[in-house]
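The values are calculated or read from the model by the stated rules, or taken from the named source; none is laboratory data. Small disclaimer: the values here were computed from a predicted structure and weren't measured. The protein model used for the area step is the full one, side chains on, heavy atoms only, and it has no ligands, DNA or RNA in it. Shrake-Rupley method; radii C 1.70, N 1.55, O 1.52, S 1.80 Å.
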Amino acid sequence: RMAGHQAEEQLLMMSLDAERKALEPWWHTVHEAHGDVPAVRVQFAPIGRIALRAARRAAGDACHEMDLPEDEDAPLSPELMDLAGDALSESLLMSGIVAWEGVGDADGNPAPVTPDNLRLFLTDPLRFDRLDEAYVRPFVLRELEKNGLSPSPNGISTGAMPVPITAAKSATPTGSDGASRKGKAKAAPTGSTSRARTKA
């Protein structure tokens with residue numbers, strides 16, 4: 001009985017081996033090989049604190065482009081959630097893709113992973129969605145599970161981030177008189193509309 005109890009305690013403990021494995025970079029196939037065209041693969045680095053903070057700032061900065069609702073209890077517009085979500089995902093993908101295969105220049109030479117090349121690589125909306133689905137969304141869902149949260153039952157949202165990405169904290173729009181708006185805006189939920197895009 002004591003051995004069984006010890007085994008149960010071990011199951012309830014945090015596994016450092018699992019945490020260590022989660023810190024290892026991993027490869028994802030974006031496009032399968034087709035004829036003479038090789039497969040396109042990217043190597044992802046795990047999402048860490050620094051990358052997540054930068055992504056939150058990017059989502060907040062993106063909100064400068066649109067007005068937050070005056071009423072802090074008012075729902076955020078789909079346009080605002082899309083804008084913040086795209087900024088969040090792009091920031092995480094820009095910092096998370098550390099290597100790739102099957103990406104080259106016009107002469108067939110391998111292209112280096114640089115910020116400019118990454119931005120061009122992420123310009124294609126379908127490719128962006130595939131990478132977002134493979135890299136950002138699983139991270140959000142894992143964090144929700146760790147914090148005992150659940151995705152929205154209606155399927156529109158994957159739920160709020162465990163540590164909310166609050167646009168108002170990093171982006172405080174001002175009125176025509178230059179005064180900052182009073183009250184804090186609600187955190188935009190993470191989730192998706194028609195294409196399972198992770199939202200800030």
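Before moving on, here are some points about what is shown:
- For Ala99, distant residues with modelled amide H under 5 Å away: Gln43
- In Å², nearest 10: area of Glu32 left accessible to a 1.4 Å probe: 150
- Sequence-ordered 3J(HN,Hα) estimates for segment 47-61 from the Karplus curve with 6.51, -1.76 and 1.60 and θ = phi - 60° stand at 6, x, 4, 5, 5, 5, 4, 4, 5, 5, 5, 4, 5, x, 4 Hz, glycine and proline given as x.
- Where Asp132, Asp17, Asp124 fall by accessible area, highest first, once all protein chains stay in place (1.4 Å): Asp17, Asp124, Asp132
- Residues with amide H under 5 Å from that of His31, placed H, sequence gap 5 or more: Val40
- Sorting Val98, Val42, Val103 on solvent-accessible area from highest to lowest, probe radius 1.4 Å, gives Val98, Val103, Val42.
- Short-range pairs are left out: with C-alpha atoms under 8 Å and at least six residues apart, the relative contact order of segment 88-140 is 41 percent.
- Rolling a 1.4 Å probe across all protein chains gives Arg53 an accessible area of roughly 120 Å².
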